[in-house]
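Q: Below is a structure I'd like to ask you about.
Bear in mind these aren't lab numbers, they're just calculated from the coordinates by the rules spelled out. Just so we're clear, the structure is a prediction, and the values are computed from it rather than from any experiment. Glycine also receives a Cβ, built like all others from the backbone with ideal geometry; neighbour counts cover every protein chain displayed.
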Amino acid sequence: MDRSLPSATRRWAGALSLPSFFLAMIGASVSDPVEDETASPAEQLHQAAAHLGRLHTALLFELLGAVLFVAATMAIVGAVRGRGSGIANAGAVLGVVGGIGLAMIGVGHVYLHALAASGTSDGVAILAARDAASGPLPLLFFAAPFAIAVLCGAAVRAGLVRWPLLVVAGAFLLLEYVPSPLGEVPSLVCGLVAYAWIAVALISAGRRATAAAGASERPAVAVN
């Protein structure tokens, strides 16, 4: 049995999770009918009730994105050895926190969808109570973008990719917090480019390592 198969499967799964995360988040951003997440509970409930199908699609993409984000974080952290490992460890911590934050966003939309679909007259009061009880927990929502930027820095430091990736990662982080008529899509596209870049690098590095290991295991040819 070829022992390289499980390793190759993990490598491909990890690499594919990188761009897949951003594709899921682009799908969530485009589908989300709530135009302003800082709007009052009454406004959010009204927007959700008018577009239940879009909200359901968005929350599914968000929950999928939370899973893919953790997988993508593990893929980068697992590939970084030696140089950049300290930065990758910091990115891992931020990645775990960011994954929780992304999952919370998806779960929050699950509750919003349920309240809007049920037509309960207590929906506004329930959402207001939810926001009051959450306290500082929404700060977790901001961990994921910084985790992505840090992990890109770790990949550059480890030599997996070249320094221009930092320009793309910086553009992603900047656009994440700059208001745009296109919402989050510009920043997510930058993130997609950055993570696809790293994914290609991971696959290429894995192939080189497999080829080198195969060459070292070939028996030497005796010359008479």
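Q: Work out the length of the dipole vector of the range 9-210 about its Cα centre, built from +1 on the beta-carbon of each Lys and Arg and -1 on the beta-carbon of each Asp and Glu, and round it to the nearest 20 debye. Spell out each step's value before the answer.
A: Numbers: 10 positive and 10 negative charges, 295 e Å.
Using Cβ point charges on Lys, Arg, Asp and Glu, the range 9-210 gives about 1420 debye.
Q: Give me S121, S20, S180, S29 sorted ascending by neighbouring Cβ count inside 10 Å, so fewest comes first. If you can, show how the numbers build up before the last one.
A: On the way: S121 7, S20 22, S180 11, S29 18.
So the residues, fewest neighbours to most, are S121, S180, S29, S20.
Q: Right, here's the next one. So how much slack lies between V110 and A128, counting 0.36 nm per residue of separation and subtracting their Cα-Cα distance, in nm? Intermediate values should be presented prior to the final figure.
A: Values: separation 18, 0.36 × 18 = 6.48 nm, distance 1.54 nm.
Between V110 and A128, full extension yields an extra 4.9 nm.
Q: Quick one: if the Förster radius is 30 Å, what FRET efficiency do I203 and L174 give, using the C-beta to C-beta distance and rounding to 0.05?
A: Numbers: r = 28 Å, r/R0 = 0.94.
It comes to 0.60.
Q: Here's another thing I want to ask about it. Divide by every residue of the chain the summed helix terms, -39500 (n - 2.57) for each DSSP H run of at least 4, and state the resulting mean residue ellipticity at 222 nm, rounded to the nearest 500 deg cm²/dmol. Could the numbers behind the result be given before it?
A: On the way: 8 runs with 173 residues, N = 224.
Rounded to the nearest 500, it is -27000 deg cm²/dmol.
Q: Could you list E176, E184, E62, E43 so that the one with the fewest beta carbons within 10 Å of its beta carbon is first and the one with the most is last? Please report the intermediate quantities before stating the final value.
A: Working: E176 20, E184 17, E62 25, E43 14.
By the 10 Å Cβ count, ascending, the order reads E43, E184, E176, E62.
Q: Which of T73, T120, T9 comes first, and how do the rest follow, when ranked by fewest Cβ neighbours within 10 Å? Intermediate results must be reported in sequence, preceding the final value.
A: Numbers: T73 28, T120 13, T9 10.
So the residues, fewest neighbours to most, are T9, T120, T73.
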